[in-house]
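Colleague: Can you keep this structure in mind? I'll have questions shortly.
The values are calculated or read from the model by the stated rules, or taken from the named source; none is laboratory data. All figures in this text were calculated on a predicted structure; none of them were measured in a lab. Neighbour counts are summed over all protein chains in view; Cβ atoms, including those assigned to glycine, are modelled from backbone coordinates with ideal geometry.
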Amino acid sequence: MIDPKPAGDDAVLPFAVEPLDIRGRVVKMGPELTSLLLRHQYPEAVNKLLAEAIALTSLLGSTLKNEGRLTLQAQSDGAVSVLVVDFNAPHALRATARYDSEKLAQITANKDYRPSDLLGKGHLALTIEQGANTPRYQGVVVLDGKSLEEVAHSYFMQSEQIPTRVRLGVAQLITRDEQSGKNVQSWRAGGVMVQYLPKSEDRQRQQDIHPGDAPEGQSVATREEADAWMEARALIDTVKDDELTDPALSVEELLYRLFHEHGVSAFESQSLKDQCTCSEEKITNMLKGLPQQDREEIQQDPIIEINCDFCSKTYKLDPKDVFK
């Protein structure tokens, strides 16, 4: 059963396929994604990678309740050295990246490069904060040529031990404005994530992790992977990039294509917004929290100018007002 109210663009739609014991989320992004990317004027290759990260963060962050924050942060020795996406519940997204122009040019000279080629070696951390009364959680996954899809699979298996499958897709659209005659750039991204959460004990049994220190020649007991999960995973792997980014294909239609034989239940969708959390009050409090020596040096300047890396907004503050 599909929710009669279409989710539309820039929204995450939760769903369940009960016969396969899977829960999932699907997202399609358009105008809000374009707004997030174009303000930075990054090269196309950086935008593709950042768009993937935004789609993935949207899928993960939308599981939070009415408060809380999920941060995806990648640091590496690659062309893109830093990648940060924040999801502030219930719907606010912001994103930023840092890159090396020379390394980027060398990689993108190969037309067959993948977005994951920009990351190099390093690590990706997923940090979840859900208020003062809940401990902060962080899971870290090694980056070594892995795509963000593969990183997500590794994260869930090592941190939560939940079989998970993710597909992500990104597309750049160029349209011609009829009034101005100029080309207009926009971006689209989509993603679908399914998790195997069986209720029955038979389906809950998972294959043992191979013991790396087992004596040579020692056989390792294994269990067959559940047929339901194998089928769900195979279905997700059939999803094509253009299905995730096509503005004419709704998320409801995509779910029907995938799971109509079993029946799919969709729930209330969750909107996504390009919305930074920076403010003059937060910056003022940050400045007041600096060490005494730093505060004294700052007060020598007639104006304190601070630029937000996420939304590119510039704050100009009078030191007398900040440290009054």
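For (1) within 17 Å of V46 (Cβ to Cβ); (2) modelled with pLDDT of 90 or more; (3) loosely packed, with under 12 Cβ neighbours inside 10 Å, each residue gets a yes or a no:
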| site | (1), (2), (3) |
| --- | --- |
| T108 | yes, yes, no |
| R114 | yes, no, no |
| D117 | yes, yes, no |
| T127 | no, yes, no |
| T134 | no, no, yes |
| G139 | no, yes, no |
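Colleague: Looking only at segment 235-264, count every residue that is of a type in the set (G, A, S) and either surrounded by 15 or more Cβ atoms within 10 Å (Cβ to Cβ) or within 22 Å of the chain's Cα centre (by Cα) (or both) and tell me the total.
Modeller: 1
Colleague: If only one of D309, D318 is outside the structural domain of E18 (by TED's automatic domain parsing), of a type in the set (D, E) and within 30 Å of R188 (Cβ to Cβ), which one is it?
Modeller: Of the residues listed, the single one that is outside the structural domain of E18 (by TED's automatic domain parsing), of a type in the set (D, E) and within 30 Å of R188 (Cβ to Cβ) is D309.
Colleague: Need the failing condition index for E52 against (1) among the charged types (D, E, K, R); (2) surrounded by fewer than 17 Cβ atoms within 10 Å (Cβ to Cβ); (3) within 14 Å of the chain's Cα centre (by Cα), just the number.
Modeller: That leaves (2) as the condition not met.
Colleague: Now a separate question. Mind listing whichever residues of segment 32-70 are modelled with pLDDT of 95 or more, among the β-branched types (V, I, T) and farther than 16 Å from L83 by Cα?
Modeller: Once the filter is applied, which keeps residues that are modelled with pLDDT of 95 or more, among the β-branched types (V, I, T) and farther than 16 Å from L83 by Cα, segment 32-70 yields only T34.
Colleague: If we keep just the residues of segment 90-106 that are crowded, with 18+ Cβ neighbours inside 10 Å and of a type outside the set (F, W, Y), which is nearest to A45 (Cα to Cα)?
Modeller: Of everything passing the filter in segment 90-106, L104 is nearest to A45 (Cα to Cα).
Colleague: Further question on the same structure: Scan segment 55-91 for residues that are within 19 Å of S147 (Cβ to Cβ) and within 10 Å of the chain's Cα centre (by Cα) and jot them down.
Modeller: A55, L56, T57, S58, L59, L60, L72, Q73, V84, V85
Colleague: Of all strands (runs of 3 or more DSSP E) completely enclosed by segment 41-99, which ones contain at least 1 residues that are farther than 21 Å from P31 by Cβ and among the charged types (D, E, K, R)?
Modeller: The qualifying strands (runs of 3 or more DSSP E) are 69-76, 92-99.
Colleague: Quick one: how many residues across segment 188-245 are modelled with pLDDT of 95 or more and either assigned to a loop (DSSP other than H, G, I, E, B) or on the phi > 0 side of the Ramachandran plot (or both)?
Modeller: So the answer is 3.
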